[in-house]
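The values are calculated or read from the model by the stated rules, or taken from the named source; none is laboratory data. Computed from a prediction, not measured in an experiment: that's the story for all the values here. All Cβ positions, even for glycine, are placed from backbone atoms using ideal geometry, and neighbour counts span all protein chains on display. The protein model used for the area step is the full one, side chains on, heavy atoms only, and it has no ligands, DNA or RNA in it. Shrake-Rupley method; radii C 1.70, N 1.55, O 1.52, S 1.80 Å.
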Amino acid sequence: MVLFAIMILLFFLGFPIGLSMLLASFLIIMASGEFSNLLMLPTKMVGSLNSFPLLAIPFFMLAGELMNTAGITDRVFNFARAIAGHIKGGLGHVNVLASMIFAGMSGSGLADAAGLGQVEIKAMKDAGYDPKFSAAVTASSACIGPIIPPSIPMVICGLVTEQSVGKLLLGGAIPGIMMGLGLMLVVYILAIKRKYPASPRPPIGEIARSFFQAFFPMLTPAILVGGIISGIFTPTEAAVVTCVYALILGLLVYRELTLSEIYRTFLVVGIRTGAIAIIIAGAQVLGNLTVQDMLPQRLSNSMVNITTNPEMLLIVIVSMFLFLGCFMSDLALLIIMGPMLMPLVIKVGIDPIHFGVIMVLVLQLGMITPPYGVVMFIV
């Protein structure tokens, strides 16, 4: 408890998440007098990053950034507008639909919010939508990004819980579509209530033109999911294929990528990858200390004492994640809590892939809940 109290205090003092975990672990080791554990720090940090599946993270991030830079987000938005813009509350539906399509390319809610978000919010404000409503729809729809495959959090979940990354990625497809449809229903109800406008129905020729402009980007999810299901490539290799495909589209098909933009994109992704790597390394050290103190077993026993009913246990866990997501990043919670909770849910008979998808989905809501909501800040 002291370890987590120090870590949370450092969060509120403004320390980076990864450094907070490392510093809290270091202080606890020093206070305990078990200095031999200091030798464990660099070994665990380096070992946690020496992983082939982990390579999927920077490559999926790179693919999302390349697609934002290559003008692909504009083409996706225009196609979604041609399809759903004429429904009541049209641009709200376009916002959600575009995020669902882009989710099959980037695997990141941050990429969705930063890339598509700029296009979506400007279009909605120009059309007379309330800025608060525009921001709320954009932030909420960005949470779909890490659910529909590909997904960076699903990759991390598979690694830390030792479950199949491929199964987790595929497991998010239907829940992600259900989230999108649910959001569109809410948008429709609010649009009627607030009398939001709808665009005129476009002619068939315009729909066809926008479809062909967005056709190649929309092939990305089919290539990824088809390749993983058929066994042609692993999720990590799928991430590399996505990057190559994005480069081909940007350089040869649409010709909107320049060498300077590619360099800037690589630089941005490199910095973000470094930040995630520090979080993973810090969480590995923290996790090792909790295992030594038998915290997962204690947590499991205490929760089993509360209830052994699988449905009630899921409700308890989801409630806990919703609360913690207000104060901690989704990746940090995933890396810390995933390995602790997975043995417990398997023990009470919950399917581990099912639980992994639920865990990732609930933690994405933390990206839009104050006071610590990264997507909320971006929007």
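Springs between Cα atoms under 10 Å define the GNM used for the chain, and in it the highest mean-square fluctuation of Asn309, Asn68, Asn78 occurs at Asn309.
With angles folded into 0 to 90 degrees, how steeply does helix 2-12 sit against the dominant principal axis of the chain? Use alpha carbons for both and round to 10. The two axes meet at around 30 degrees. Shown are Lys193, Lys347, whose ranking by accessible area with a 1.4 Å probe and every protein chain present, most to least, is Lys193, Lys347.
For the stretch 38-83, dividing the convex hull volume of the Cα atoms by the residue count gives 97 Å³ per residue.
For the stretch 71-206, the number of Lys pairs separated by eight or more positions or lying on different chains, with C-alpha atoms closer than 17 Å, is 7.
Protection proxy ranking of 199-207, 96-104, 248-256, by the mean of other Cβ atoms within 10 Å over each peptide's residues and highest first, is 96-104, 248-256, 199-207.
Taking square-rooted eigenvalues a ≥ b ≥ c of the alpha carbon gyration tensor, is the stretch 138-233 rounded, prolate or oblate, where a/c under 1.5 means rounded and, failing that, a/b exceeding b/c means prolate?
oblate
What is the diffusion coefficient of the stretch 154-304 in µm²/s, taking the Kirkwood radius over Cα pairs and the Stokes-Einstein relation at 20 °C with a viscosity of 1.002 mPa s? Answer from the Stokes-Einstein relation: 106 µm²/s. In the stretch 273-379, the convex hull through the Cα atoms has an average projected area of 7.0 nm², a quarter of its surface area. Once the convex hull of all Cα atoms in the stretch 223-309 is built, its volume per residue stands at 176 Å³. Look at the dipole of the stretch 254-379 built from charges on Cβ: of Leu259, Val316, Leu365, the Cα furthest out on the positive end belongs to Leu259. A quarter of the convex hull surface defined by the alpha-carbon atoms of the stretch 75-128 gives 3.4 nm² as the mean projection.
Its alpha carbons give the chain an Rg and a Dmax of 21.5, 74 Å. Surface exposure of the chain, expressed per residue as accessible area with a 1.4 Å probe, stands at 45 Å². Axis angle, to the nearest 10 degrees, between helix 235-248 and the longest C-alpha principal axis of the chain: 30 degrees.
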